[in-house]
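The values are calculated or read from the model by the stated rules, or taken from the named source; none is laboratory data. Keep in mind that this is a model prediction, so the values were computed, not measured. Note: ideal-geometry Cβ built from the backbone for every residue, glycine included; neighbour counts use all protein chains shown.
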Protein chains: 4
Amino acid sequence: MSKLGIGVIGVGTLGRRHAENLRRAIPAAQLIAVADADGGRAKQVASELEIQHHFDNVEDLLEREDIQAVVVATPSRFHASVTRLAAVAGKHVFCEKPPALLMEEAESAMSAVAKAGVQFQIGFMRRYDPPYTRAKKLIEAGEIGEPILFKSIGRDRQPPPRSFFQGGINGTLFLDAAIHEFDLARWLMNDEVAEVHSFGGVRACPELAEFGDVDSAVVNMRFGRGGIGNVECLRKSNYGYDIRTEVVGSRGALEIGYLRQTAQLVLTSAGASYDTVDHWLVRFADAYLNELGYFVDAVLKEKPMQVDGQEGLRALAVCLAAERSHRESRPVALESSARLEGNTKNAAGLEIAR
Amino acid sequence: MSKLGIGVIGVGTLGRRHAENLRRAIPAAQLIAVADADGGRAKQVASELEIQHHFDNVEDLLEREDIQAVVVATPSRFHASVTRLAAVAGKHVFCEKPPALLMEEAESAMSAVAKAGVQFQIGFMRRYDPPYTRAKKLIEAGEIGEPILFKSIGRDRQPPPRSFFQGGINGTLFLDAAIHEFDLARWLMNDEVAEVHSFGGVRACPELAEFGDVDSAVVNMRFGRGGIGNVECLRKSNYGYDIRTEVVGSRGALEIGYLRQTAQLVLTSAGASYDTVDHWLVRFADAYLNELGYFVDAVLKEKPMQVDGQEGLRALAVCLAAERSHRESRPVALESSARLEGNTKNAAGLEIAR
Amino acid sequence: MSKLGIGVIGVGTLGRRHAENLRRAIPAAQLIAVADADGGRAKQVASELEIQHHFDNVEDLLEREDIQAVVVATPSRFHASVTRLAAVAGKHVFCEKPPALLMEEAESAMSAVAKAGVQFQIGFMRRYDPPYTRAKKLIEAGEIGEPILFKSIGRDRQPPPRSFFQGGINGTLFLDAAIHEFDLARWLMNDEVAEVHSFGGVRACPELAEFGDVDSAVVNMRFGRGGIGNVECLRKSNYGYDIRTEVVGSRGALEIGYLRQTAQLVLTSAGASYDTVDHWLVRFADAYLNELGYFVDAVLKEKPMQVDGQEGLRALAVCLAAERSHRESRPVALESSARLEGNTKNAAGLEIAR
Amino acid sequence: MSKLGIGVIGVGTLGRRHAENLRRAIPAAQLIAVADADGGRAKQVASELEIQHHFDNVEDLLEREDIQAVVVATPSRFHASVTRLAAVAGKHVFCEKPPALLMEEAESAMSAVAKAGVQFQIGFMRRYDPPYTRAKKLIEAGEIGEPILFKSIGRDRQPPPRSFFQGGINGTLFLDAAIHEFDLARWLMNDEVAEVHSFGGVRACPELAEFGDVDSAVVNMRFGRGGIGNVECLRKSNYGYDIRTEVVGSRGALEIGYLRQTAQLVLTSAGASYDTVDHWLVRFADAYLNELGYFVDAVLKEKPMQVDGQEGLRALAVCLAAERSHRESRPVALESSARLEGNTKNAAGLEIAR
């Protein structure tokens, strides 16, 4: 079986990691080229990873015939348009979350994907994280009975730099961060979110108010089959990168996540202490590798994607509803999951939160 | 200093524990009598605790002049009326939560307390639990900066028996259980709850639907100074009694609670396992003792109560708002904390959630 | 059933706790009197515990006919002689460990106990600690298969005061501290210690060298049926009171013990931290209560003691062998367990480690 | 800087992992060839790793001029002879532990290394494990004061297959397994082991008796500066791969190691449970990568090795002394560390445990 030729578009922190994984750790892939609007960065990454080709634009990369698939890791507001371009060029697409900042954009990109007949995976890496993967299996095996309650927190140690928020190019907290929790909610509860209610706060990072963003949010959820839940996101915990999820079922419960980074306890007269996870690239190193490994394998073997465009669209719908709830100070219902389930995969007509 | 003569009214599970603590573990108290509508139960407890007097009604106990204070541990719907009677009889009152099932009842009882000039403590025992007490101290010492996010879960292993729910004598989940979380929220955030939003569920104990109750709830909270939070309650975790609270501040965070009961890890080819806390009398044994110890000491030394009627009224107000939010499917604002703070201690005019 | 009249001899830290437990928490006992060479201390304890009688000598206490049993909590070098006096006076005896500082003394005391036909319990409180009790049950139920490896550490936060070591009145580390570990070893392995080898150190508390004592020791053990193990004791951990035991069996293992005192995690930019157990009265509060509760119940109901004089003698034999190993720089074999098992309960002829 | 050409000799479980790391994860290395007495295995590994050259003997590999360094991962009894051959051929050597099964062999190999002027690293991968590395740094920074007590356990879930023990080709438990603990002891205590005493057992795997081996051992240690310690090894814990180390210092302590593999807690009516580490390739994945990364970097940059032949010789000396102690039922003193420290790096005259 020949290798899958891949290009990586956008080589910031995460795109660079994807490129590195493709170059070093996924034998079935062949990293052909990287592109970045910052041509110097593209060049440096190519040099470090010992590959030949680098570009300062998307189009040149997409023209290469030895590239059959791309990884889209640009700023979020370009996700949809780059996905569309890549699909039109006949490339399979692995796209970072969120699929877009607006529902219409996401739907349009998914339409292009469907029309081109290429494969698409959205970057919900937690679905490939061993603790979460094992949780899903245990739930499916009935270990905790029927899931009835979902809780998840996502706390960053420090907020991204100011530039991250300028121009809204990455979406607010609800889109940029909470989307991971909402995807977990749908996946682990095996249900759709029917209604949400959010409160947001700006007491940790008051400077975010000027961007119309919040630094923290709690989002109540009601699921289609009657389960309930809550998601919390926080931009600045100050103590560590803290991702923890609980699913309570009718017969038991699962807790996923950990806090201690180094397997070491320091004991002094001040008590016991340990260090905490400090970065998402550390916490989810395996997950980032596994998700791309699956993508490459699925394209080569023409297997269906596990986390496809529909998964991206539905999580995005929850994000937008949660954001609207916060803005309008009221609960927001999502369209009936029945209808959602009736939709075809690229569901052009998907409407939510109206 | 002579001992404080005390009677215990209601000797079910918790009332019996209070009586035992007063008899055995609080030297400054002298347990004089117990009363219970079930006279046989009162007699048996008196016998086991080696005290002389037992009654099958409140009035006879209140008539004893050697009793200066009472512990009210009846079913919740009698809390307010028994408190009123005791106050009129000139007895200091320690009353289990909730102070009443309706705001008006609670206010009326507090008025009687104020008029009689007796002392009153509400049974929020967590405020006397060492981990929570230490948390409060650390917060006051500025250890985590300004509190900005409050999270708390309260999960019972199994729901109370069917009789507990009949006739609504103990209030719904929001009053009976969530009141502890709301009190913690106000206390640890050092702020008032300004608005709440609830979702409730009945998937763990569907039989509760017939009583108009829920088995689970998630309650979003917005605090007066801009903090946010969420409280979760569940009647049936099936795995243990699980009470955990987190307070995140601008500089750090605190987690309170534990799951493992016996300090023992069992390691077999199936992995590692340990047992879990199975009862609130175990988890909060120290707290139940400490709260009564404080009450006795405060009455004897004429010190102010730390958890007085106002604390009970305000937590009750949050409960009622959370319940209303669930029933009416909308966020419910509480009266401004400014006004609450302007009220006198027995605040006859306190109105909330209308 | 009438109550058991008890006197407590020696009301230092631990004796005082025993007295308090008897007075407040063990309804079947009636604390009649306390005695202490420091008559003022005896008087103060009597006053605080609201009992009438206190003495500055053993004899007067033993003369009281309303006292049927005594608790011996004097300095260790008096344990044997006070036990003998009490037995001769016809009192049942609960004696703190070690039973004596010399084998001959211990045997002589046990002979007196046997001759008087009174009951005797040695204060190995860990046998009544819930985690250890549950471990024993799991082992007996075959949960871990056949026990093959025993590990235990006992670390004090700080050494006792200088006065504790003067005159050797409490024995060295091997007798005073390691005896708990050796008793656990015998009990949990359900086997006798056949041979020991010790290394001792004085690097934590160099001042102990002048008393011929060590501050730390590691003791290798070989058991009668082929199991092996190691015990570690340390006078000064500086970080907390740390007692942890492991038993590995052919099918699994048990770990007993804990480090965190308050159920609270503090999270700051420096990482996660928690406090540690700081005192044996905290760690073993339940155990101290339970062991006396058993003693009182067993005397009243004429049940056999679970931790009798033989248990004390055998653990003492291991202590003395471990100490000899350290002094003579060689492994020391104990007498065959076969012979030990052939002995009668008060085994006057018990000889070890010569 | 050009890449370091490397060959891997022996591609069993661990050799294969080394080859994979060199091929995929260490950019500065170029894996040229693999060799294995089982030529088919060498061929398959070469194919999977997409490299051209594979051999069924050492000599052919050593002849290649594009190979500047080798990794020796043969059965232990060949370590010394292959090291010698490689050194004579002018190759730098990374050799798995133990350096040899006999002191003389190890010394002879180290002499050949010294004479050839090549670099040598011994595979004590724990020195490159992040928790252990951080522990060493904290100790050097004085965080726990002066180290006074060392404890370490190394438990395998299941013993190696029967073939592992046949012919003694890998040494007994003391050499094959305990060597890691002894190396940690020397490194973390920053001291030499002066005397050891061992007990061994065969109750977990009675079949090992026929090979003259034990399945478990406890080894008391006395260090040159007065510290003491104990090491425990077990071939069959049945519950997981359990490696934990403690260093107690005059001001505090460190605990290194962990038990839970997946960051997940399963809660059911039976209690709480989690899975355990099941394989050393999982626990020490980073360490295996880091140690080779250092080796490659050190050779290319002509930096001194951190874990050189002397470290291997000294740990081996402790192993042999511990084994002798077990066989001869007596404590065994090692040669004075003063003399050891006076030796040159390849210390031909090193004698121990006689």
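Remarks
- Within segment D:54-77, the residues that satisfy the criterion of being farther than 22 Å from D:L300 by Cα and in contact (Cβ under 8 Å) with a residue 24 or more places away in the chain are D:V58, D:E59, D:D60, D:T74, D:P75, D:S76, D:R77.
- Residues of segment B:180-199 that are buried (at least 24 other Cβ atoms within 10 Å of the Cβ) and in contact with a Leu (Cβ under 7 Å, 6 or more places away or on another chain): B:V193 alone.
- Being surrounded by 24 or more Cβ atoms within 10 Å (Cβ to Cβ) and out of contact with any Cys (no Cβ under 9 Å at 6 or more places or on another chain) is a description that applies to C:Y132.
- Any hit, segment A:33-48, residues being among the small types (G, A, S), assigned to a loop (DSSP other than H, G, I, E, B) and assigned by TED's automatic domain parsing to the domain that holds A:V88: yes
- Residue match in segment B:145-152 (condition: under 30 Å from B:L4 (Cα atoms) and within 19 Å of the chain's Cα centre (by Cα)): no
- Among the residues of segment D:215-260, those that are within 14 Å of chain A (Cβ to nearest Cβ), of a type in the set (A, V, I, L, M, F, W, C) and more than 26 Å from D:F164 (Cβ to Cβ) comprise D:V247, D:V248, D:A253, D:L254, D:I256.
- Tally, over segment D:79-104, of residues that are part of a helix (DSSP H, G or I), of a type outside the set (K, R) and touching a helix residue (DSSP H, G or I) at 6+ places or on another chain (Cβ under 7 Å): 8
- Subset of segment B:105-128 [in contact with a Lys or Arg (Cβ under 8 Å, 6 or more places away or on another chain) and either at pLDDT below 95 or outside any helix (DSSP H, G or I) (or both)]: B:V118, B:I122, B:G123, B:F124
- Selection of helices (runs of 4 or more DSSP H) fully inside segment B:154-249 by the criterion of at least 3 residues being out of contact with any Asp or Glu (no Cβ under 8 Å at 6 or more places or on another chain) returns B:178-189.
- Qualifying residue in segment D:231-238 (condition: surrounded by fewer than 19 Cβ atoms within 10 Å (Cβ to Cβ), assigned by TED's automatic domain parsing to the domain that holds D:D156, basic (K, R) and touching a strand residue (DSSP E or B) at 6+ places or on another chain (Cβ under 8 Å)): no
- Test: residue in segment B:292-304 that is away from chain C (no Cβ under 14 Å), surrounded by fewer than 22 Cβ atoms within 10 Å (Cβ to Cβ), of a type in the set (D, E) and in a helix (DSSP H, G or I): yes
- Residue in segment B:5-18 that is in contact (Cβ under 8 Å) with a residue 40 or more places away in the chain, within 19 Å of B:T83 (Cα to Cα), crowded, with 22+ Cβ neighbours inside 10 Å and over 21 Å from the mean Cα position of the chain (by Cα) present: no
- Within segment C:266-282, considering residues that are without any contact (Cβ under 8 Å) to a residue 24 or more places away in the chain and more than 12 Å from B:R134 (Cβ to Cβ), the one farthest from the other protein chains (Cβ to nearest Cβ): C:A270
- Restricting segment D:160-184 to residues that are of a type outside the set (S, T, N, Q) and more than 17 Å from the chain's Cα centre (by Cα), the residue that is nearest to D:L334 (Cα to Cα): D:G168
- For C:I139, the criteria (1) farther than 25 Å from C:F199 by Cα; (2) assigned to a strand (DSSP E or B) hold in every case but one, which is (2).
- The test for being without any contact (Cβ under 8 Å) to a residue 60 or more places away in the chain, within 26 Å of A:L267 (Cα to Cα) and surrounded by fewer than 21 Cβ atoms within 10 Å (Cβ to Cβ) does not hold for D:R244.
- Among residues of segment D:315-347 being among the charged types (D, E, K, R) and in a helix (DSSP H, G or I), the one that is modelled with the lowest pLDDT is D:R339.
- Flag if A:R23 is of a type in the set (K, R) and over 30 Å from D:R17 (Cα atoms): no
- Of all residues in segment D:104-121, one or more are under 30 Å from D:R244 (Cα atoms), in contact (Cβ under 8 Å) with a residue 24 or more places away in the chain and out of contact with any Asp or Glu (no Cβ under 9 Å at 6 or more places or on another chain).
- Answer from C:A194, C:A263, C:A204 - the residue that is within 10 Å of chain B (Cβ to nearest Cβ), among the aliphatic types (A, V, I, L, M) and over 19 Å from the mean Cα position of the chain (by Cα): C:A263
- Some residue of segment B:154-165 being touching a Ser or Thr at 6+ places or on another chain (Cβ under 8 Å) and either without any contact (Cβ under 8 Å) to a residue 60 or more places away in the chain or not basic (K, R) (or both): yes
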